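Read through the structure below, which is laid out as structure tokens, and then see the notes.
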Amino acid sequence: MGPMRKRWSLLAALLVIGIVAVPALAGNNGKGLGKGRNATVAAASTLTLDQANPRYGDAETFTLTNDPAPDGSSIWLACYQNGQMVFQVSSGKDSYFLLKGGNWNGDIAAQCNAKAYYYVYQGQTAVDMVWVAETGTFDVGA
């Protein structure tokens, strides 16, 4: 096999790997971060809860490091009691999040998680949603 043919074989192999690997990464293996067929997961950002030991009724904030969004990311917060979502809210990353409302029973602890995201636009149409980072589950006391 000549050098030119080896180069074309290598290029073809890399192209096949790219075609297979990129959609698999974008779907995040069914872990629930994607919303829609074009959702992707960004890297190198972290999202942390700023206050320790949150309780029902507290106003909480989050810190997002390395925000890749051109106009700033938003944060989606969801809380669950007994496996059922009882509260969700989405707002800008610099907002306070009041931990109460929805169907949340303030007498029972909840498990919450927050995820940072932004939309990619073509003109005024959102064409993609990029999940930037998530806190993982944290407990909110009654």
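The values are calculated or read from the model by the stated rules, or taken from the named source; none is laboratory data. Quick caveat: nothing in here was measured; it's all calculated off a predicted structure. Cβ: placed from backbone, ideal geometry, glycine included. Neighbour counts: every protein chain shown.
Couple of notes before you dig in:
- Residue among Tyr80, Tyr96 that alone is without any contact (Cβ under 8 Å) to a residue 40 or more places away in the chain, within 13 Å of Asp139 (Cα to Cα) and of a type in the set (Ser, Thr, Tyr): Tyr80
- Residue that is surrounded by the fewest Cβ atoms within 10 Å (Cβ to Cβ) [pool: residues in region 76-88 that are in contact with a Phe, Trp or Tyr (Cβ under 6 Å, 6 or more places away or on another chain) and farther than 17 Å from Ala133 by Cβ]: Val86
- Number of the condition not met by Met85 [criteria: (1) without any contact (Cβ under 8 Å) to a residue 24 or more places away in the chain; (2) not in a strand (DSSP E or B)]: (2)
- Filter pass, Val120 being in contact with a Cys (Cβ under 7 Å, 6 or more places away or on another chain) and part of a strand (DSSP E or B): no
- Among residues of region 113-142 that are more than 12 Å from Thr48 (Cβ to Cβ), those with a beta-carbon under 6 Å from a residue that is among the charged types (D, E, K, R) and outside any strand (DSSP E or B) at least six positions away or on a different chain give the pairs Met129/Lys35; Ala142/Asp107.
- Apart from one condition, Leu64 fits all of (1) crowded, with 17+ Cβ neighbours inside 10 Å; (2) more than 12 Å from Leu49 (Cα to Cα); the exception is (2).
- Residue within region 48-56 that is surrounded by 17 or more Cβ atoms within 10 Å (Cβ to Cβ), at pLDDT below 85 and part of a loop (DSSP other than H, G, I, E, B) present: no
- Among the residues of region 98-114, those that are surrounded by fewer than 20 Cβ atoms within 10 Å (Cβ to Cβ) and in a strand (DSSP E or B) comprise Leu98, Gln111, Asn113.
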